[in-house]
There are 4 protein chains.
Amino acid sequence: MTHQTKVAIVGASGYSGEELVRLLLQHPHAELAAVTSRQHAGKELGQVFRKFANHPRSQGLRFSEPKPELLAKAAEVVFLALPHGVAAEFAAPLIGLGCQVIDLSADFRLKSAAVYKEFYGQDHPAPELLERAVYGLPEAHRDEIEEASLIASPGCYPTSILLPVLPLLKAGLVKSGGIIADSLSGVSGAGRKVELDYLFGECHESARAYGIPKHRHLSEIEEQLSLAAGEPVVVQFTPHLIPIHRGILTTLYLEPARPAGQGKEMAALGEEIEGCFQAAYGAEPFVRLLDGKTLPDTKSVAGSNVIEIAWRLDGRTGRLIVLSAIDNITKGASGQAVQSMNILRGFPETAGLC
Amino acid sequence: MTHQTKVAIVGASGYSGEELVRLLLQHPHAELAAVTSRQHAGKELGQVFRKFANHPRSQGLRFSEPKPELLAKAAEVVFLALPHGVAAEFAAPLIGLGCQVIDLSADFRLKSAAVYKEFYGQDHPAPELLERAVYGLPEAHRDEIEEASLIASPGCYPTSILLPVLPLLKAGLVKSGGIIADSLSGVSGAGRKVELDYLFGECHESARAYGIPKHRHLSEIEEQLSLAAGEPVVVQFTPHLIPIHRGILTTLYLEPARPAGQGKEMAALGEEIEGCFQAAYGAEPFVRLLDGKTLPDTKSVAGSNVIEIAWRLDGRTGRLIVLSAIDNITKGASGQAVQSMNILRGFPETAGLC
Amino acid sequence: MTHQTKVAIVGASGYSGEELVRLLLQHPHAELAAVTSRQHAGKELGQVFRKFANHPRSQGLRFSEPKPELLAKAAEVVFLALPHGVAAEFAAPLIGLGCQVIDLSADFRLKSAAVYKEFYGQDHPAPELLERAVYGLPEAHRDEIEEASLIASPGCYPTSILLPVLPLLKAGLVKSGGIIADSLSGVSGAGRKVELDYLFGECHESARAYGIPKHRHLSEIEEQLSLAAGEPVVVQFTPHLIPIHRGILTTLYLEPARPAGQGKEMAALGEEIEGCFQAAYGAEPFVRLLDGKTLPDTKSVAGSNVIEIAWRLDGRTGRLIVLSAIDNITKGASGQAVQSMNILRGFPETAGLC
Amino acid sequence: MTHQTKVAIVGASGYSGEELVRLLLQHPHAELAAVTSRQHAGKELGQVFRKFANHPRSQGLRFSEPKPELLAKAAEVVFLALPHGVAAEFAAPLIGLGCQVIDLSADFRLKSAAVYKEFYGQDHPAPELLERAVYGLPEAHRDEIEEASLIASPGCYPTSILLPVLPLLKAGLVKSGGIIADSLSGVSGAGRKVELDYLFGECHESARAYGIPKHRHLSEIEEQLSLAAGEPVVVQFTPHLIPIHRGILTTLYLEPARPAGQGKEMAALGEEIEGCFQAAYGAEPFVRLLDGKTLPDTKSVAGSNVIEIAWRLDGRTGRLIVLSAIDNITKGASGQAVQSMNILRGFPETAGLC
């Protein structure tokens, strides 16, 4: 067998950390060398997550206290599955010690410490690293990821919104104004948080919006769209919580750059849109462009790193509706982070993800 | 006890019919005199719906074949819980025989037989009755319901959309153009249909849009909004299916008629909006206007005839976001139909619904 | 309207308390005069439980601190929806002040303070009241409930087990040895407890046993069965948690007192069993004896005070299988408590419960 | 890469067939050469099951009509995921043409055509093959599977019952009489059947027993237990349906062969039981023996080929309670079938299953 890259996960007790464990245990080119968790330090991996107990590659793995020096000795690549604010405290020393860091928190997704403060309500803990960080959306930033030392893996909602919108915006097919993103998220999106709102009895039979009109993820959504559009983009974003465990379904309302029209005119615009998506994603292993009869479904992407995308032009309103579905824990978090690692380390991009 | 109005339900085997049975069995001024179902004819009510078997007022009730003459003898008010197309075939003879008819299907919700044909794909079975029918949305058409002989009870999606939008449109606070309604529905919205799409295994962990961009309910939504606006209104409507049994959550994206502005200007507009809702619904028993900290939740209206409404002005985008939650089977169907009956028969409007 | 009995609920913030509110707000002969909750003191009822905000009879109701003197002034009947241990501290002063107390906790369900200590791990806080308390299972203890000043409303699992077994045991149709009760409970059975185990993400797609082999409810199950059998009864009881919100399904494995046999012999035994159930429950408003083709389903009793019971003789094993379904919050807790109140106060037993 | 075994799936449209596709697409030593389905013949695999559309190894795979000659040309190993009765019609010609057949239906699980007729209500379609078939429970019949040409993969319930009971029975630690198996199954256990009972609205919030007291799976459960015990074993079996998609949880009530006793005596028996399980399964890759604090949970085995087993001696009743959890579609069907293929073809037993 070829050389295995040694990897570590810091903060492996939440849903994203658990998913990283799952993906890295089955990865052909990575060896999970360390997992940390303050809460579980000293326990075997299989004791905390029984479902990994029988995995041959989990044998002997124990949770440890998160210590940068030990992590840097054990691993070449370190995944941070920590709350924002805390992640940055680990990133700086780990990079200093020569590790490549893939951060799943929000700490390095923004270019601006001021916007960070506006949306996250605290000073950025390591602003000097912001410039160095690469936004880890492989379909948009593959080249930069290849060269990165610090990858900021995108948020789940942003992934479901940016992948459908970016190519349209870059191609000038839709206006940068008036974008609306209406998203439905599974409860795991809140993390393994022990709060009343996430009890079974409170989520079951419940559908509700939350965090409107200024959810934190707007900051990275708008920054990435603005970069693509070459002008400031303001987005209307409404997240909802629904009783599924995994998955995000996003419905986007966009204005075509030129009138959609009717009949042949509309058909021509449709061909351009389809052509734009095909050019952007036709060869992407983790983008599934649906045909005109099918619509995205969270069920079809559960446990996978794929995003489903479909679009419809509405001749009655002139709008372009684009829909996407991802698994928030996989493509929306840990799967995408592993995809970035594959690019960074020169592995086949789909390694461990099919 | 006062005189009990005798009522009948035609087509009582689906979710709406079952809910009508539930509500009418507990109604203080109505006596459920007949329930029909071709499929169950001859069986006792409690045999088909065990949950009613112990109800004292269900004793002796048997499903019968739906025959207008017998129904007209048994009941003064007849509820039709039938598929569209079929409902109209019963409405005509029943009205001829002197019954008051409350139809839960789509057959009499539109004023125009042509629009009916456009959206339902068939000629209207009784176009001569369209003019006579009253759109049974009590909060909007109470006076007409009082005098009606044929009430067309609104669809579930339309109820969740019209109640929040109508007062704003009538007050001129929002533009009639550019309205977007994004709705999430429980699986019961599809009725008790034995199709692959509605199996537990296909709905569980699934969130998906369907029927876009031209869902049938658009016809009545647009007609009612156009009447209120005094001009044609075109709506963008995206229904989604999520794994709850009962409930619709609708998120509406509206453009204020004048710019939302910032600071005091926005606060002033906010006061007008709140004032508009309070004027329209402050005294309505079945409308719950939420305060600024709370957002609608399908869980909070499950099994009840209440609609929850909340709104937010977004200073960043200038949009007005309005959200609503109803139980699609109660306020979205059978509860609202009973509310109409209460008005029609001069009962307290909340009778049997609290 | 006739005289309304004034009632109070102490500890109205959990699922049982909330259900008591629901049932008492719609009760024709009770007036909900006070609701207490340390956590919510000062808030309006409709603020904490939005679903009651529109109820005409909830207007003006506010949570207060639980103070026996004030409660005794406000109410004739006081429901205690408190944790065990705490309930007893309220029961004593309230009874001293002349209230009738219906306790939904485990504090007064046992005759013996020693057994209480064995199963609940603490000294009984008010042993002098144990003798006075009546076990509030109406179908078994109706006469005593009529005269009670302190009613100990049964646990949810015990209700689902005792109602099916008691008549068979009293009639000598089954052996008192070897009884097995295998129960499935909805998550609300754990109360509104903010613990990791009850998060949506942990319950969804999960089925698991817990608390075996000596769950606390065994104490009251065995005490009641022993009283009925006239000899000590030991029961095997396995509770499971499944992802429904409300409901308990219990499967009982019993040994007929005489061999079940085959053919006519078995048919004769079957007739005796059916006769036994009919004699015990044929006239009970809240017991639904299912025919030989139907099996209990938690869905059929959700939100209702009914228990469904069915039985099968197995000619292959000689065993009698009895199954029951209840709503754990209604018949298993708050509905049954209201049923007891109806008996105690001389109301029709079904008042407010149909 | 080593030689890939060519495999085919006949009847790949149900849940088991879909799971076989998932497992075989990721299998390191198998190549999925053909998938058949009358209903989907001609369609691409990724068209019917979108979730496989992006898999590199699914490209070009199309559903075909099931024709033994073509299958035998395309594949060395053929999996039958067909209804009982139909499976046997394919097994015979395929074996004649030299294929190794792994049948997931009930057709070859029994030794006796008479018992088949008793439980399945029809004559066995290929009784001459019964003797040749090997019961494909690897942990019990590994040696026979190695040499088999026809493997009858066990039912889901039987797997969850046999694995815990067989070693105890063989070791003489439990009596062969009086065994009770109480099982909870996810809805996928019913297959992708479009029937009212399996609609979301009918399963949601529902827990119910069915098929008692003589479920078809009893035939293979009793046959296997009888073989192990060396005497006829009769089992009490109660299957229940609960609202999870995947998973079976089984609770077994067993009588120790000698009295459980108390204190040291009970501890000694406990050690023997633990020793028995460790001897039988300590080295099995797909059996997870839980320690004394943990109980099986369907969530912990979802999507995996592992069975979780735990046991408790009850000093109060003298019984031994054993619990198990499996994923009914994986260890209970398709995963186990792939495990058998691995044994049959000399692959590492865990290949493609971790």
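The values are calculated or read from the model by the stated rules, or taken from the named source; none is laboratory data. Values in this document were obtained by computation on a predicted structure and should not be read as measured data. We place every Cβ from the backbone using ideal geometry, glycine too, and count neighbours over all the protein chains shown.
Pick from the range D:25-45 the residues that are touching a residue at least 60 places away in the same chain (Cβ under 8 Å) and over 21 Å from the mean Cα position of the chain (by Cα): which of them is nearest to the other protein chains (Cβ to nearest Cβ)? Spell out how you get there, then give the answer.
Of all residues in the range D:25-45, those touching a residue at least 60 places away in the same chain (Cβ under 8 Å) come to D:26-30.
This time we only want the ones that are over 21 Å from the mean Cα position of the chain (by Cα), so: D:28-29.
Values: D:PRO28: 10, D:HIS29: 15 Å.
Ranking the candidates gives D:PRO28 first.
If I filter the range C:92-115 for residues that are within 14 Å of another protein chain (Cβ to nearest Cβ) and under 23 Å from C:GLY332 (Cα atoms), do I get at least one hit?
Checked the range C:92-115: at least one residue is within 14 Å of another protein chain (Cβ to nearest Cβ) and under 23 Å from C:GLY332 (Cα atoms).
Could you please find all residues in the range A:235-287 being among the β-branched types (Val, Ile, Thr) and under 20 Å from the mean Cα position of the chain (by Cα)?
A:VAL235, A:THR238, A:ILE242, A:ILE244, A:ILE248, A:THR250, A:THR251, A:VAL287
Tell me whether the range B:312-322 contains one or more residues that are in contact with a Ser or Thr (Cβ under 9 Å, 6 or more places away or on another chain) and of a type in the set (Ser, Thr, Tyr).
No, the range B:312-322 has no match at all.
Could you tell me which residue of the range B:206-236 is nearest to B:LEU166 (Cα to Cα), considering only residues that are more than 11 Å from chain A (Cβ to nearest Cβ) and in contact with a strand residue (DSSP E or B) (Cβ under 6 Å, 6 or more places away or on another chain)?
Taking the candidates together, the pick is B:ILE221.
Only one residue in C:THR350, C:THR298 is farther than 27 Å from C:ARG258 by Cβ, under 18 Å from the mean Cα position of the chain (by Cα) and surrounded by fewer than 19 Cβ atoms within 10 Å (Cβ to Cβ). Which one? Spell out how you get there, then give the answer.
Working: C:THR298 fails: surrounded by fewer than 19 Cβ atoms within 10 Å (Cβ to Cβ).
That would be C:THR350, the only listed residue that is farther than 27 Å from C:ARG258 by Cβ, under 18 Å from the mean Cα position of the chain (by Cα) and surrounded by fewer than 19 Cβ atoms within 10 Å (Cβ to Cβ).
Among C:ASP143, C:ASP182, which is the only one that is part of a helix (DSSP H, G or I) and either free of Cβ contacts under 8 Å to residues at least 12 places away in the same chain or closer than 30 Å to B:GLU205 by Cβ (or both)?
C:ASP143
Quick one: count up the residues across the range B:40-66 that are touching a Gly at 6+ places or on another chain (Cβ under 7 Å) and part of a helix (DSSP H, G or I).
Count: 2.
Please note which strands (runs of 3 or more DSSP E) are completely contained in the range B:221-302 and include at least 1 residues that are in contact with a Ser or Thr (Cβ under 6 Å, 6 or more places away or on another chain).
Details: elements: B:235-241, B:248-254, B:287-289.
The strands (runs of 3 or more DSSP E) meeting that bar are B:235-241, B:248-254.
Is it fair to say B:ILE242 is crowded, with 17+ Cβ neighbours inside 10 Å, away from chain A (no Cβ under 12 Å) and modelled with pLDDT of 95 or more?
No; evaluated as a whole, the condition is false for this residue.
Just checking, how many residues over the range B:2-20 are buried (at least 24 other Cβ atoms within 10 Å of the Cβ) and either of a type outside the set (S, T, N, Q) or out of contact with any Leu (no Cβ under 9 Å at 6 or more places or on another chain) (or both)?
Of the residues in the range B:2-20, 9 are buried (at least 24 other Cβ atoms within 10 Å of the Cβ) and either of a type outside the set (S, T, N, Q) or out of contact with any Leu (no Cβ under 9 Å at 6 or more places or on another chain) (or both).
Could we say that A:ILE248 is within 11 Å of chain B (Cβ to nearest Cβ) and modelled with pLDDT of 95 or more here? Break it down stepwise before answering.
On the way: within 11 Å of chain B (Cβ to nearest Cβ): yes; modelled with pLDDT of 95 or more: yes.
For A:ILE248, the condition - within 11 Å of chain B (Cβ to nearest Cβ) and modelled with pLDDT of 95 or more - is met.
Exactly one condition in (1) touching a residue at least 60 places away in the same chain (Cβ under 8 Å); (2) more than 14 Å from chain B (Cβ to nearest Cβ); (3) in a loop (DSSP other than H, G, I, E, B) is not met by D:LEU162; state its number.
Among (1) touching a residue at least 60 places away in the same chain (Cβ under 8 Å); (2) more than 14 Å from chain B (Cβ to nearest Cβ); (3) in a loop (DSSP other than H, G, I, E, B), the lone unmet condition for D:LEU162 is (3).
Checking D:LEU290 against (1) surrounded by fewer than 24 Cβ atoms within 10 Å (Cβ to Cβ); (2) of a type in the set (A, V, I, L, M, F, W, C); (3) within 13 Å of another protein chain (Cβ to nearest Cβ); (4) within 16 Å of the chain's Cα centre (by Cα), which single condition isn't satisfied?
Exception for D:LEU290: condition (4).
Can you work out which of the residues in the range D:92-118 that are touching a His at 6+ places or on another chain (Cβ under 7 Å) and in a loop (DSSP other than H, G, I, E, B) is surrounded by the fewest Cβ atoms within 10 Å (Cβ to Cβ)?
In this case the residue turns out to be D:SER105.
If we scan the range A:35-45, do we find a residue that is in contact with a His (Cβ under 9 Å, 6 or more places away or on another chain), farther than 19 Å from A:ILE145 by Cα and modelled with pLDDT of 95 or more?
The answer is yes; a qualifying residue exists.
Among the residues in the range C:67-74, are any buried (at least 19 other Cβ atoms within 10 Å of the Cβ), assigned to a loop (DSSP other than H, G, I, E, B), not small (Gly, Ala, Ser) and not assigned by TED's automatic domain parsing to the domain that holds C:GLU308?
no
Considering the range C:190-216 alone, what residues qualify as being under 18 Å from C:ARG246 (Cβ atoms) and modelled with pLDDT under 95?
C:ALA190, C:GLY191, C:ARG192, C:LYS193
Given the criteria surrounded by 24 or more Cβ atoms within 10 Å (Cβ to Cβ) and in the same structural domain as D:PHE237 (by TED's automatic domain parsing), does D:ASP314 qualify?
No.
Which residues, counting only those in the range C:50-60, are touching a helix residue (DSSP H, G or I) at 6+ places or on another chain (Cβ under 6 Å) and either away from chain B (no Cβ under 13 Å) or of a type outside the set (S, T, N, Q) (or both)?
Scanning the range C:50-60 gives C:ARG50, C:LYS51, C:PHE52, C:ALA53, C:HIS55, C:ARG57.
Here are the criteria: (1) surrounded by 18 or more Cβ atoms within 10 Å (Cβ to Cβ); (2) of a type in the set (A, V, I, L, M); (3) over 24 Å from A:GLY14 (Cα atoms). Tell me which single one A:LEU227 does not satisfy.
(1) is the only condition that A:LEU227 fails.
Let me confirm something: among A:LEU323, A:LEU289, A:LEU313, which residue is under 17 Å from B:ALA209 (Cβ atoms) and in contact (Cβ under 8 Å) with a residue 60 or more places away in the chain?
Criteria check complete, one pass: A:LEU323.
Looking at (1) at the interface with another protein chain (Cβ under 9 Å from one of its Cβ atoms); (2) touching a Gly at 6+ places or on another chain (Cβ under 8 Å), which one does D:ILE326 not meet, given that it meets all the others?
(1)
Let me confirm something: among D:LEU137, D:LEU173, which residue is within 18 Å of D:ILE309 (Cα to Cα), in contact with a Pro (Cβ under 9 Å, 6 or more places away or on another chain) and not assigned by TED's automatic domain parsing to the domain that holds D:GLY230?
D:LEU137
Take the residues of the range D:304-323 that are part of a loop (DSSP other than H, G, I, E, B) and at the interface with chain C (Cβ under 10 Å from one of its Cβ atoms): which is nearest to the chain's Cα centre (by Cα)?
D:ARG319
For the structure I just gave you, tell me whether C:ALA267 is free of Cβ contacts under 8 Å to residues at least 60 places away in the same chain and crowded, with 16+ Cβ neighbours inside 10 Å. First the steps, then the outcome.
Values: free of Cβ contacts under 8 Å to residues at least 60 places away in the same chain: yes; crowded, with 16+ Cβ neighbours inside 10 Å: no.
Criteria not met by C:ALA267.
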